[in-house]
Amino acid sequence: MAGGLAIDLNAVPKKYDGLDGTELAISESQERMAVVVAPENREAFLAAAQRENLEATVVASVTESPRLVMEWNGNTIVD
């Protein structure tokens with residue numbers, strides 16, 4: 001999807017309460033999909049999702065670093 005991503009797991013909508021960072025990162029029961037949208041297209045994408053009655057939330061940003069970094073509750077849990 002991108003060379004590098006910084007993901008804020010606290011921003012991920014939760015289907016079930018009590019999930020920890022690892023569960024948020026890998027749980028299939030969360031029933032989610034991911035897309036990468038250019039920053040200048042973010043608001044248009046969110047508006048299109050809303051028109052289609054789809055929940056869309058920004059949870060990550062593309063980074064220059066070729067790494068995947070996930071943070072949860074102020075801690076880096078994947079790097």
Taking placed amide H atoms and a strict 5 Å upper bound, the residues 5 or more places from residue 77 or on another chain that come that close are 70, 71, 72
Taking all protein chains in place and a 1.4 Å probe, what share, in percent, of the accessible surface of the chain do carbon and sulfur account for? 51 percent
Return, ordered by residue number, the residues of the stretch 54-76 whose backbone nitrogen is under 17 Å from a label point located 7 Å along Cα→Cβ of residue 35. 54-62
Largest-first ordering by accessible area, 1.4 Å probe, given options 77, 26: 26, 77
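Using the beta-carbon distance between residue 44 and residue 65 and R0 = 25 Å, what value does 1/(1 + (r/R0)^6) give for FRET efficiency, to the nearest 0.05? Mind dumping the intermediate values first?
On the way: r = 27 Å, r/R0 = 1.08.
Efficiency, from the Cβ-Cβ distance: 0.40.
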Express as a percent, rounded to the nearest 5, the fraction of DSSP beta bridges in the chain (both residues included) that run antiparallel. 60 percent
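Which value, in Å², gives the accessible area per residue of the chain when a 1.4 Å probe is used on the protein heavy atoms?
Value returned for the chain: 76 Å² of accessible area per residue.
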Just by accessible area at a 1.4 angstrom probe, what is the order of 35, 12, 59 from largest to smallest? 35, 59, 12
What's the Cα-based Rg to Rh of the chain, Rh via Kirkwood? 0.97
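The values are calculated or read from the model by the stated rules, or taken from the named source; none is laboratory data. Small disclaimer: the values here were computed from a predicted structure and weren't measured. Here the Cβ is made from the backbone with ideal geometry for all residues, glycine too, and neighbour counts use every protein chain on show. Heavy atoms of the whole protein, side chains included, go into the accessibility calculation; ligands, DNA and RNA do not. Shrake-Rupley method; radii C 1.70, N 1.55, O 1.52, S 1.80 Å.
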